[in-house]
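Contents: one structure, followed by commentary.
The values are calculated or read from the model by the stated rules, or taken from the named source; none is laboratory data. As the structure is a prediction and not an experimental result, all values here were calculated from the model. Quick reminder, even Gly has a Cβ in these numbers, built from the backbone with ideal geometry, and neighbours come from all protein chains shown. Heads up: the accessible areas ignore ligands, DNA and RNA and are worked out on the full protein's heavy atoms, side chains in. Shrake-Rupley method; radii C 1.70, N 1.55, O 1.52, S 1.80 Å.
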Amino acid sequence: DAKTTQPNSMESNEEEPVHLPCNHSTISGTDYIHWYRQLPSQGPEYVIHGLTSNVNNRMASLAIAEDRKSSTLILHRATLRDAAVYYCILRDSLGGGSQGNLIFGKGTKLSVKP
Amino acid sequence: NAGVTQTPKFRILKIGQSMTLQCTQDMNHNYMYWYRQDPGMGLKLIYYSVGAGITDKGEVPNGYNVSRSTTEDFPLRLELAAPSQTSVYFCASRGPLYGYTFGSGTRLTVV
């Protein structure tokens, strides 16, 4: 399975932007980059995903390097509610059978200070 | 729309006891998954199903069994509980779009 590398933890101040990095040097051409987050005592929730181009949604933005070996999840204005563990996961776009399974690492624990 | 519902939320088992963790989804998703999460760790895949009647092992299937008789339900069975199975268990489903929907989890303690 393709793997990702994330910092164990990061801190941010409330209402400031947060950039969460992810390295995936062994990414294949058919791998999508997915981000999930897990709030305390809850199940993970989908944040965003992308293949090559930068992506935006109401929760966050995803910036993907031109060589696709790294990406950055951007929270434009962190709130206390954004304190969570953020997981960067590669998932094969073909999606069939086990290829579509999400494989979780340890993620980055984001703390937000008021 | 309830999404993915897991029951029970908490359970304490004695070593050697059996139990079934229930998972049901109302989104008509074909794909369903069971994960476990140990303290401070990421989620590990136990079993998954690509549709009714089809199941397959994930990364850590030993000590567990699953069945998928309907699209909606994907129960996880522990036959002989062991302390190593103390964990938080998450069920998830996935439809034609890419995002997974997770349940709120079952916290299991085996003593």
Kindly state, as a whole number, the per residue volume in cubic angstrom of the convex hull around the alpha carbon atoms of the stretch A:46-89. 78
Calculated FRET efficiency, B:N62 and B:K14, Cβ-Cβ r, R0 25 Å, to nearest 0.05? 0.80
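What is the sum of charges, Lys and Arg at +1 and Asp and Glu at -1, for the other residues whose Cβ falls under 10 Å from the Cβ of A:Q38? Mind dumping the intermediate values first?
Numbers: positive: A:R37, A:K109; negative: A:E45.
Charge balance near A:Q38 sits at +1.
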Mind checking the dipole of chain B: about its Cα centre, +1 per Lys or Arg Cβ, -1 per Asp or Glu Cβ, Debye to the nearest 20? 260
Using protein chains only and a probe of 1.4 angstrom, how many square angstrom of B:D56 are accessible, to the nearest 10? 80
Report the extension gain between A:M59 and A:E16 in nm, rounded to one decimal, defined as 0.36 nm multiplied by the number of residues separating them, less their alpha carbon distance. 14.0 nm
Taking the dipole about the Cα centre of the stretch B:10-111, with the C-beta of Lys and Arg at +1 and of Asp and Glu at -1, give me whichever of B:L43, B:G58, B:P83 is farthest to the positive side. B:P83
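So, counting K/R as plus one and D/E as minus one, what does the shell of residues with Cβ under 15 Å around A:D82 add up to?
Values: positive: A:R37, A:R58, A:R77, A:R81, A:K109, A:K113; negative: A:E11, A:E14, A:E15, A:E16, A:E45.
Charge balance in the 15 Å sphere: +1.
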Hull surface over four for the Cα convex hull of the stretch B:53-111, reported in nm², is 4.8
What are the extents of the Cα atoms of the protein assembly as shown along their three principal axes, in Å, largest first? 50, 39, 34
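How much of the calculated P(r) for chain A lies past 20 Å, in percent of all Cα pairs?
On the way: 2351 of 6441 pairs.
Taking all Cα-Cα pairs of chain A, the fraction more than 20 Å apart is 37 percent.
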Less than 20 Å apart at the alpha-carbon level, and either on another chain or at least 8 residues along: which lysines does that give for B:K44? A:K3, A:K106, A:K109, B:K9, B:K57
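Whole number please: convex hull volume per residue, Cα atoms of chain B, in Å³.
Numbers: hull volume 10.3 nm³, N = 111.
Dividing the Cα hull volume of chain B by its residues yields 92 Å³.
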For A:R77 the rounded accessible area (nearest 10 Å², probe 1.4 Å, non-protein molecules ignored) is 150
Can you give me the C-alpha center-to-center distance between the stretch B:1-56 and the stretch A:1-45, rounded to a whole angstrom? 23
Compute, for A:T30, the solvent-accessible surface of its heavy atoms (probe 1.4 Å) with the complete set of protein chains present, and express it in square angstrom to the nearest 10. 50
Of A:P17, A:M59, A:P7, whose Cα points farthest to the positive end of the dipole of the protein assembly as shown (charges on the beta-carbon: +1 Lys, Arg; -1 Asp, Glu; origin at the Cα centre)? A:P7
Amide H of A:S70 versus every other amide H placed in the peptide plane: which residues, excluding those fewer than 5 positions away on the same chain, fall under 5 Å? A:H24, A:A65
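Using a simple charge model, +1 on the beta-carbon of Lys and Arg, -1 on the beta-carbon of Asp and Glu, nothing else, what dipole does the protein assembly as shown show about its Cα centre, in debye to the nearest 20?
Numbers: 21 positive and 18 negative charges, 99 e Å.
Roughly 480 debye for the protein assembly as shown.
Determine the dipole magnitude for the stretch B:1-66: charges of +1 sit on the beta-carbon of Lys and Arg, -1 on that of Asp and Glu, nothing else is charged, the reference point is the Cα centre, and the result goes in debye to the nearest 20. Walk me through the numbers on the way to the answer.
Numbers: 6 positive and 4 negative charges, 54 e Å.
With Lys and Arg at +1 and Asp and Glu at -1, about 260 debye.
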Just for chain A, what percent of DSSP beta bridges are antiparallel, to the closest 5? 85
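Tell me the net charge near B:P39. Cut-off is 14 Å between Cβ atoms, B:P39 excluded, with +1 for each Lys or Arg and -1 for each Asp or Glu. Don't jump to the answer; show the numbers that get you there.
Working: positive: A:K106, A:K109, B:R36, B:K44, B:R107; negative: B:D38.
With Lys, Arg at +1 and Asp, Glu at -1, the net is +4.
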